Amino acid sequence: MTTESEAQTERAVEVQEKYSHELMEKANVQGTAVGLAKKEGNYTDIIAVVVLVSVKLPESELAPEDICPKELEGVRVDVQEVGFLSAQ
C-alpha cells in the first residue's frame with residue numbers, strides 16, 4: 001500500500017522528469033530535483049519539484065521567460081539557491 005507521501009513523491013518525480021529540460025533552459029538554473037520546499041529559509045513538509053539556481057533573484061530582475069512557474073500540473077515548484085555547482 002502506498003502512503004500519501006510516497007504518492008506525492010512519485011507524482012513530483014513524474015512532473016520533474018517531464019519538465020526538467022524546459023526548466024534547465026532558464027537563466028541561473030543548475031539542476032532540478034524532487035525534495036522539500038522551503039519557506040523563509042526553513043524546510044516545510046511540502047514535496048516539490050525543486051529548481052536549483054546559482055543565485056536566487058527577485059522576479060523583477062528576471063526576463064519573463066526565465067521566471068519559474070509556481071506549480072506544474074498541481075505540483076509545487078520551489079526555487080532554491082545552491083551557488084555554482086562543479087564536478088570535483
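Just so you know, all these numbers are worked out from the coordinates, no wet-lab data involved. Since the model is a prediction, treat every value here as computed from it, not as a measurement. We place every Cβ from the backbone using ideal geometry, glycine too, and count neighbours over all the protein chains shown.
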Over the Cα atoms of the chain, what is the Rg over Rh ratio if Rh follows Kirkwood? 0.98
Rounded to 10°, Cα long-axis angle of helix 4-24 versus longest principal axis of the chain: 30 degrees
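What's the ranking of 9-22, 30-43 by average number of surrounding C-beta atoms within 10 Å, highest first? Intermediate results must be reported in sequence, preceding the final value.
Details: 9-22: 15.6, 30-43: 13.6.
Going by the mean number of other Cβ atoms within 10 Å, highest first, we get 9-22, 30-43.
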Relative contact order of the range 4-81, defined on C-alpha pairs under 8 angstrom at six or more residues apart (%): 31 percent
Number of Lys-Lys pairs in the chain under 19 Å by Cα, sequence gap 8 or more or different chains? 9
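Under the rule of -39500 (n - 2.57) per DSSP H run of 4 or more residues, summed and divided by the residues of the chain, what mean residue ellipticity at 222 nm is obtained, to the nearest 500 deg cm²/dmol?
Values: 1 runs with 21 residues, N = 88.
Roughly -8500 deg cm²/dmol at 222 nm, from the helical runs in the chain.
In debye, nearest 20: dipole of the range 4-81 around its Cα centre with unit charges on the Cβ of K, R (+) and D, E (-)? Let's see the in-between values first.
Details: 8 positive and 17 negative charges, 34 e Å.
Dipole magnitude for the range 4-81 comes out near 160 debye.
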Each label point is 7 Å from the Cα along the Cα-to-Cβ direction; what then is the distance between the points at residue 17 and residue 2, in nm? 1.2 nm
Spin-label zone in the range 1-28 - amide nitrogen under 19 Å from a point set 7 Å from the Cα of residue 62 along the C-beta vector: 15-28
